[in-house]
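See structure below.
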Amino acid sequence: MINAEKLKLQFPIFNQKTPSGLDLTYLDNGATCHKPQSVIDAISDFYSKGYSTVGRASYWPSSETTVAFREVRKLVTEFINAPSEDEVVFNFGTTDGINKIANTFLRPRLSAGDEVITTEMEHHANLLPWQQLCIEKGAKLSILPILDTGDLDYESFETLLNDRVKFVALTAVSNALGVKNDLKRICAIARKKNIPVFIDAAQSVSHDEVDVQDIDCDFLVFSGHKIYGPTGVGVLYAKKKWLDAMMPLSYGGGIVKEVQLQESTFVDGVARHEGGTPNIAGVLGLGAAIRFVQSIGMHEIHSYLMDITDYAKTKLNEMDGIKVLGNPVHQAPTLSFVMDGVHPHDLSTFLNEKGICIRAGHHCAQPLMKKLKVPATTRMSLAIYNTKADIDKLIEVLKETQAFLS
Ligand SMILES: Cc1ncc(COP(=O)(O)O)c(C=O)c1O
């Protein structure tokens with residue numbers, strides 16, 4: 001059983017008070033998670049004790065850094081159960097990965113009249129790149145709707161999958177409602193028609209096991225900063241057949257066999273797709289973050305977070321004047337709610353004054369807000385340092401807010 005209070009001691013951010021002298025209650029982990037000391041140390045040690053580039057130099061400390069960097073690729077490969085390290089590309093994060101696949105994989109494969117399917121619950125990062133490409137190519141962006149519970153309307157998926165569909169992109173978990181999608185079901189249906197499926201795992205990677213072979217997806221991306229790692233680093237998993245068939249994701253140093261002034265040839269494998277000096281500190285920090293998660297155990301993390309999410313949902317549902325949006329079959333540790341007569345932005349400002357960091361807004365999911373017929377929501381998203389005491393504090397301050405503002 002996870003002892004969150006004890007784990008929290010590993011996160012130095014919580015050693016301090018807010019500017020008004022309060023304990024920090026951080027409930028915006030869907031946006032980004034705090035960092036344990038081991039991640040901070042990995043980054044700081046790299047800069048202070050072993051700073052150098054990777055891959056190209058044979059001197060110390062570059063050789064050691066290169067080994068450490070490669071170890072992280074191996075670690076990530078095992079973490080997502082990718083068949084080989086040749087399918088794990090480091091990049092700058094989820095948004096970067098989605099844009100690169102849109103531009104490098106899908107652009108040359110999409111023509112006027114083709115179709116791309118995405119869903120009604122996507123973060124803008126997993127909507128705009130496909131949307132813009134469809135506009136540019138004269139292709140159609142088909143939208144898989146959600147049901148009243150917030151779950152995807154899986155039955156409509158089969159109807160949308162006609163012969164013109166060239167690509168499917170969906171999130172593992174809705175960042176706004178915490179709806180957990182049945183990725184295996186979507187991939188199995190798409191597989192029958194040989195349509196590649198892209199998974200945005202930004203909101204699932206920190207609390208749900210990611211197994212790309214079990215899901216049987218073609219692409220999957222996530223950001224380091226949402227799994228207790230640093231910003232500016234992420235992972236793109238892609239099946240080898242696609243990586244080898246694609247032109248480089250970005251052009252630059254380190255990706256070539258031979259360069260002439262008018263043309264070049266490129267190496268195979270992931271090196272082909274990692275042009276330029278990588279975010280070395282970021283990758284090493286990501287490695288430390290994954291080791292941190294593994295030291296606790298993904299299964300334990302998942303059950304702990306489900307327990308406190310259920311607790312939070314019950315407490316919110318018990319309150320008059322609060323409506324939790326969506327009631328999916330599988331809920332991730334993210335809950336969106338609205339309070340009668342109080343704008344989410346006013347609510348989050350009030351909560352901030354009591355030391356509670358919570359998110360208000362459209363959560364980069366404007367089409368979803370439109371569907372829910374709300375301009376914005378207040379969103380609570382949990383991580384392993386959150387406790388039932390944090391939720392009790394939230395509920396207490398929500399009651400105070402109601403009393404004060406109504
Ligand atoms: C579901 C989802 N996709 C994509 C992103 C974008 O992630 P990043 O800003 O790390 O690229 C987010 C960020 O909140 C997200 O929640």
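The values are calculated or read from the model by the stated rules, or taken from the named source; none is laboratory data. Just so it is clear, the structure is predicted and the values come from calculations on it, not from any experiment. Glycine gets a Cβ as well: all are built from the backbone with ideal geometry, and neighbour counts include every protein chain shown. Keep in mind that these areas ignore ligands, DNA and RNA; they rest on the heavy atoms of the full protein, side chains included. Shrake-Rupley method; radii C 1.70, N 1.55, O 1.52, S 1.80 Å.
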Failed item, numbered, when Val256 is tested on (1) surrounded by 14 or more Cβ atoms within 10 Å (Cβ to Cβ); (2) at positive phi: (2)
Subset of the stretch 1-15 (residues that are modelled with pLDDT under 95 and open to solvent by 40 Å² or more (accessible area, probe 1.4 Å)): Met1
Subset of the stretch 361-383 that is within 14 Å of the ligand (Cβ to nearest atom) and in a helix (DSSP H, G or I) - its residue that is most open to solvent (accessible area, probe 1.4 Å): Gln366
Check on Val233, in contact with a strand residue (DSSP E or B) (Cβ under 8 Å, 6 or more places away or on another chain), hydrophobic (A, V, I, L, M, F, W, C) and more than 15 Å from the ligand (Cβ to nearest atom): no
Extreme residue, nearest to the ligand (Cβ to nearest atom), among residues of the stretch 211-230 that are in contact with a Phe, Trp or Tyr (Cβ under 7 Å, 6 or more places away or on another chain) and either outside any loop (DSSP other than H, G, I, E, B) or β-branched (Val, Ile, Thr) (or both): Leu220
Some residue of the stretch 55-74 being outside any helix (DSSP H, G or I), among the basic types (Lys, Arg) and open to solvent by 30 Å² or more (accessible area, probe 1.4 Å): yes
Exclusive hit being of a type in the set (Ser, Thr, Tyr), farther than 30 Å from Gly21 by Cα and open to solvent by less than 70 Å² (accessible area, probe 1.4 Å), set Ser348, Ser303, Ser336: Ser303
Residue within the stretch 133-148 that is within 14 Å of the ligand (Cβ to nearest atom) and not assigned by TED's automatic domain parsing to the domain that holds Lys370 present: no
Total residues in the stretch 77-116, condition closer than 22 Å to Ser223 by Cβ, in contact (Cβ under 8 Å) with a residue 24 or more places away in the chain and either away from the ligand (no atom under 16 Å from the Cβ) or of a type outside the set (Gly, Ala, Ser) (or both): 23
Pairs, first in a loop (DSSP other than H, G, I, E, B) in the stretch 117-132, second more than 9 Å from the ligand (Cβ to nearest atom) and open to solvent by 20 Å² or more (accessible area, probe 1.4 Å), C-beta under 8 Å, six or more apart: Glu120/Ile143; Glu120/Pro145; Glu120/Pro367; Glu120/Lys371; Glu122/Pro367; Leu127/Pro367
First in the stretch 259-283 and in the same structural domain as Val67 (by TED's automatic domain parsing) and within 18 Å of Gly224 (Cα to Cα), second anywhere and in a helix (DSSP H, G or I) and open to solvent by 30 Å² or more (accessible area, probe 1.4 Å), Cβ under 6 Å, 6 or more apart: Ala281/Ile43
